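*Asks:* Can you keep this structure in mind? I'll have questions shortly.
The values are calculated or read from the model by the stated rules, or taken from the named source; none is laboratory data. Bear in mind that the values here come from a model prediction, so they are computed numbers and not experimental data. Neighbour counts are summed over all protein chains in view; Cβ atoms, including those assigned to glycine, are modelled from backbone coordinates with ideal geometry. Note: areas computed on protein heavy atoms with side chains; ligands, DNA, RNA excluded. Shrake-Rupley method; radii C 1.70, N 1.55, O 1.52, S 1.80 Å.
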Amino acid sequence: MVKGITPLHEALFLLILAVAFFLLAVNLNLYPLEKFILICSVVLIFTIFFASIA
Amino acid sequence: MKKFLPLILMLFLLPQISIAKSGTVPPPSLTEIICEQRTDSKGHPYWDCFTNQKKKIYVFGTEYVPFENGRIYIQLLSKDQPINNALCLIDLYYPDLTVWFDDAAMLYLNGSEGLYYFDIIIPDKVGVYMTTVKCFYIIDETYDYADNAVVINGLESGTFQDTWKDDNEYHDVREKQVGGYTLDFYYEFYNVSVPENYTGMTIYWIGRWNDPEEDVCIYIWDWCNSSWIKLKNCITTNTPMVSNYLNTSIWNSSCLVAPSGTVRVKLNDTDPSEKSYFGNLMTDFIDVQMHYLSFGAIESIRGGGEFHVSNPRIPSIISEMVEERLIYNHDYCIDNTTLKKEVLIEKCYFDECYNITRSEIIECKWGCNAEAGECYPPPYERMLVVIGIIALIIILVFLGRRFLW
């Protein structure tokens with residue numbers, strides 16, 4: 001765990017990230033399934049990232 | 001497990017956020033008629049026609065520019081009293097003297113004092129449009145509305161019930177690709193009865209047609225010969241209303257109305273091989289009116305007039321003085337594969353302003369995005385975007401991991 005960053009901070013960060021990428025996906029004119037894949041991938045990457053630096 | 005606590009917490013918090021989505025009438029022998037040209041209070045010319053029996057018909061037109069909504073209307077008076085039970089038929093001629101409308105029935109303005117009107121969208125042919133109107137009275141009519149719609153070629157949205165009222169609820173039929181883009185369907189009117197003292201039948205159509213490349217013509221089923229008969233007045237992009245009067249002296253009612261009382265009216269595009277534009281026929285109202293003489297002998301009156309269409313007074317040398325303002329820009333999906341783009345522009349030259357509406361229908365090969373109001377790009381393009389973004393994030397995370405933590 002990086003000093004000063006709690007799991008709640010990380011969860012909020014992931015949530016903001018998911019919303020931001022959802023809005024980006026809407027503007028990118030993607031099918032719903034593609035939006036879903038994009039958001040899930042991003043959240044998963046960052047989850048793995050946080051887990052690896054813990 | 002503890003490492004994935006942020007993901008679990010995020011999944012718990014995610015449903016708490018909601019994102020608001022925006023949804024979405026035979027001519028009898030005529031009595032003597034006298035016509036005088038006069039001008040109204042605004043200086044517009046009109047013909048004042050009357051008989052020695054003090055019957056009067058006023059035909060009004062005005063000055064127009066192309067693509068404006070136009071209305072020709074008359075006031076029918078007898079001894080200065082309005083006549084509200086008449087059948088008025090209009091003939092309209094293009095500036096090149098060809099016929100635009102021939103014996104098209106005008107609509108009576110409900111509750112008015114003898115007003116009858118006919119709507120058009122002014123064509124881009126400039127010049128003088130001559131018009132004549134003849135009215136017969138006292139005529140009453142029965143009204144029959146569509147009971148069924150049979151689409152032979154076309155893509156239908158809405159139902160025949162949407163044609164029962166002039167209320168901007170449309171029965172929409174779009175051209176279908178069968179070789180060329182074509183449209184072919186008919187309405188059935190059940191239990192139509194031929195009244196006593198029957199004088200003729202009128203088929204009224206109100207709606208919009210958006211393909212300037214071709215017209216849509218109206219046909220009626222001939223039960224005697226089992227064939228479709230083409231009627232004189234067709235639907236164009238400049239006709240928000242079309243009517244065809246079928247006089248009993250020419251048209252045998254027993255051939256137009258089946259013994260069971262069924263009348264069939266077909267709408268068919270004029271060029272089935274045309275492949276440049278997917279036309280859309282929006283029918284707001286259609287009915288079959290059976291006219292009959294309700295009181296004594298038939299009376300008639302005739303009159304004439306004109307309206308003038310000219311180009312807007314915008315000399316090209318000072319075209320930069322024209323102020324152009326976008327009023328409305330709306331792109332939306334009609335269905336899963338069709339996008340409609342609408343633009344309304346106001347153009348002003350000094351204190352003279354006019355609105356221009358442009359609309360375009362686009363076929364979306366990969367589907368229409370109702371949320372964004374645009375066509376989806378091809379699948380490979382979309383996947384490239386998704387993979388590109390994911391790759392970029394992986395690289396950023398990798399670099400962050402290497403150099404920051």
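*Asks:* Going through region B:215-263 one residue at a time, which ones are in contact with a helix residue (DSSP H, G or I) (Cβ under 9 Å, 6 or more places away or on another chain) and crowded, with 17+ Cβ neighbours inside 10 Å?
*Replies:* Residues satisfying the conditions are B:Ile220, B:Trp221, B:Trp223, B:Leu246, B:Val263.
*Asks:* Can you tell me which of (1) surrounded by fewer than 18 Cβ atoms within 10 Å (Cβ to Cβ); (2) at positive phi is the one B:Gly114 doesn't meet?
*Replies:* Tallying (1) surrounded by fewer than 18 Cβ atoms within 10 Å (Cβ to Cβ); (2) at positive phi, B:Gly114 fails exactly one: (1).
*Asks:* Before we move on, is B:Ile345 open to solvent by less than 40 Å² (accessible area, probe 1.4 Å) and away from chain A (no Cβ under 11 Å)?
*Replies:* Taking the combined requirement at face value, the residue satisfies it.
*Asks:* Might you let me know whether region B:171-180 holds any residue that is modelled with pLDDT of 90 or more, assigned to a strand (DSSP E or B) and among the acidic types (Asp, Glu)?
*Replies:* Scanning region B:171-180 turns up at least one residue that is modelled with pLDDT of 90 or more, assigned to a strand (DSSP E or B) and among the acidic types (Asp, Glu).
*Asks:* Do you know which residues across region B:352-405 are open to solvent by less than 80 Å² (accessible area, probe 1.4 Å), more than 26 Å from A:Ser41 (Cα to Cα) and of a type in the set (Ser, Thr, Tyr)?
*Replies:* B:Tyr354, B:Ser359 - these are the residues of region B:352-405 that are open to solvent by less than 80 Å² (accessible area, probe 1.4 Å), more than 26 Å from A:Ser41 (Cα to Cα) and of a type in the set (Ser, Thr, Tyr).
*Asks:* Which residues, taken from region B:156-187, are under 15 Å from B:Thr338 (Cβ atoms) and over 14 Å from the mean Cα position of the chain (by Cα)?
*Replies:* Across region B:156-187, the qualifying residues are B:Glu156, B:Ser157, B:Gly158, B:Glu175, B:Lys176, B:Gln177, B:Tyr181, B:Leu183.
*Asks:* Name every residue in region B:248-287 that is farther than 21 Å from B:Asn238 by Cβ, not β-branched (Val, Ile, Thr) and not in a loop (DSSP other than H, G, I, E, B), in order of residue number.
*Replies:* Result: B:Ser253, B:Ser254, B:Cys255, B:Leu256, B:Arg264, B:Lys266, B:Asp287.
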